[in-house]
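Since the structure comes first, as structure tokens, the remarks are kept for the end.
The values are calculated or read from the model by the stated rules, or taken from the named source; none is laboratory data. Here the structure is a predicted model, which means the values were calculated and not measured. Note: ideal-geometry Cβ built from the backbone for every residue, glycine included; neighbour counts use all protein chains shown.
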Amino acid sequence: SVPVLTIDGPSGSGKGTVSRLVAARLGWHYLDSGALYRAVGIAAGWSDIDLSDASALVRCAFDTDIAFRDDGSGELRVIVNGTDATDELRTETAGAAASAIAAIPEVRAALKERQRAFRRPPGLVADGRDMGTVIFPDAPYKVFLTASAEERAERRYKQLKEKGVSVTMDGLLREILARDARDASRAVAPLRPASDAVLIDTTGLPVEAVVARVLDLVSR
Ligand code: C5P
């Protein structure tokens, strides 16, 4: 079957950057599963759906059209219902909305097949929270990335500032900790490493070092 490398971990652990680089290096497809939850969250906002209206959110998860487009710069644009929502998706507001709807089991179920459809030859790098535990439990390669909360907040801070989003370090640290706490404590697919995942603490590690360790795992 088509090989999958799952890369799970909390926000700011380096998942996104590492996954994209590893996928490019291997020539494999890339799934940014967080973008799906973020897209449903903002589509719900566009339709004035209340974040407490579970059945409307589930419908929204089924109905929202989400497409990834390579703009040539190596950055994936995310098109939600025909609109380029890449910048809006990156905000911590979108992250918080994603985390809220991601706690609804039926929303997670609605997105399951869409995620599995990314598994195409020659291989897939899947980035998220439950890639190794729920979506691709049979993946031959599983990684779980961690980093100290301060470093994770700092990485997000730099990323957002580069994109011109104005945030404070304190606010960001608080938001990230709240989001991780919710992701780790929800009843369905809580954030945790798969029993067969390789744990890598990326605190103080340069991106290239993490990429090398992950590639080493796949080539073994
Ligand atoms: O990875 P990212 O920060 O874009 O994810 C946003 C939110 O979406 C997470 O905080 C989490 O609540 C949810 N998510 C999830 N399962 C995934 C990916 C993301 O629950 N596989």
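Determine which member of the set G34, G41, G14 is under 11 Å from the mean Cα position of the chain (by Cα), within 11 Å of the ligand (Cβ to nearest atom) and in contact (Cβ under 8 Å) with a residue 60 or more places away in the chain.
Working: G41 fails: under 11 Å from the mean Cα position of the chain (by Cα); G14 fails: within 11 Å of the ligand (Cβ to nearest atom).
Just a single option satisfies the conditions, and that option is G34.
Looking for whichever is within 22 Å of E88 (Cβ to Cβ) and more than 13 Å from the ligand (Cβ to nearest atom) here; the options are E175, E162. Which one fits? Even if it seems obvious, please write down each step before you answer.
Details: E175 fails: more than 13 Å from the ligand (Cβ to nearest atom).
The match here is E162.
Between A139, A153, which is small (G, A, S) and farther than 17 Å from S19 by Cβ? Let's see the steps before the verdict.
Numbers: A139 fails: farther than 17 Å from S19 by Cβ.
The conditions single out A153.
Could you run through the stretch 56-75 and say how many residues are in contact (Cβ under 8 Å) with a residue 40 or more places away in the chain and surrounded by fewer than 15 Cβ atoms within 10 Å (Cβ to Cβ)?
Number of matching residues: 2.
Give the residues of the stretch 27-60 that are in contact with a Pro (Cβ under 8 Å, 6 or more places away or on another chain) and not small (G, A, S), sorted by residue number. Explain how you work it out, then say what you get.
Initially, the stretch 27-60 is screened for residues in contact with a Pro (Cβ under 8 Å, 6 or more places away or on another chain), giving 27-28.
Result: W28, single match.
Mind listing just one residue for me: the one in the stretch 86-101 that is surrounded by fewer than 17 Cβ atoms within 10 Å (Cβ to Cβ) and β-branched (V, I, T) and, of those, farthest from R174 (Cα to Cα)?
T91
Could you tell me whether the stretch 140-156 includes any residue that is touching a Lys or Arg at 6+ places or on another chain (Cβ under 7 Å) and either of a type in the set (G, A, S) or under 20 Å from S99 (Cβ atoms) (or both)? Steps first, answer last, please.
Kept after step one, since they are touching a Lys or Arg at 6+ places or on another chain (Cβ under 7 Å), are these residues of the stretch 140-156: 145.
Now restrict to residues that are either of a type in the set (G, A, S) or under 20 Å from S99 (Cβ atoms) (or both): 145.
Checked the stretch 140-156: at least one residue is touching a Lys or Arg at 6+ places or on another chain (Cβ under 7 Å) and either of a type in the set (G, A, S) or under 20 Å from S99 (Cβ atoms) (or both).
So, in the stretch 102-118, how many residues would count as being among the aliphatic types (A, V, I, L, M), crowded, with 17+ Cβ neighbours inside 10 Å and more than 11 Å from the ligand (Cβ to nearest atom)?
1
If D65 passes every condition in (1) within 29 Å of T146 (Cβ to Cβ); (2) more than 13 Å from the ligand (Cβ to nearest atom) but one, which one does it miss?
(1)
Any idea which of (1) surrounded by 14 or more Cβ atoms within 10 Å (Cβ to Cβ); (2) without any contact (Cβ under 8 Å) to a residue 24 or more places away in the chain is the one R220 doesn't satisfy?
The single condition R220 does not satisfy is (1).
Please go through (1) modelled with pLDDT under 95; (2) under 29 Å from V198 (Cβ atoms); (3) touching a Lys or Arg at 6+ places or on another chain (Cβ under 9 Å) for A97 and return the number of the only condition it doesn't satisfy.
So A97 meets the others, but not (2).
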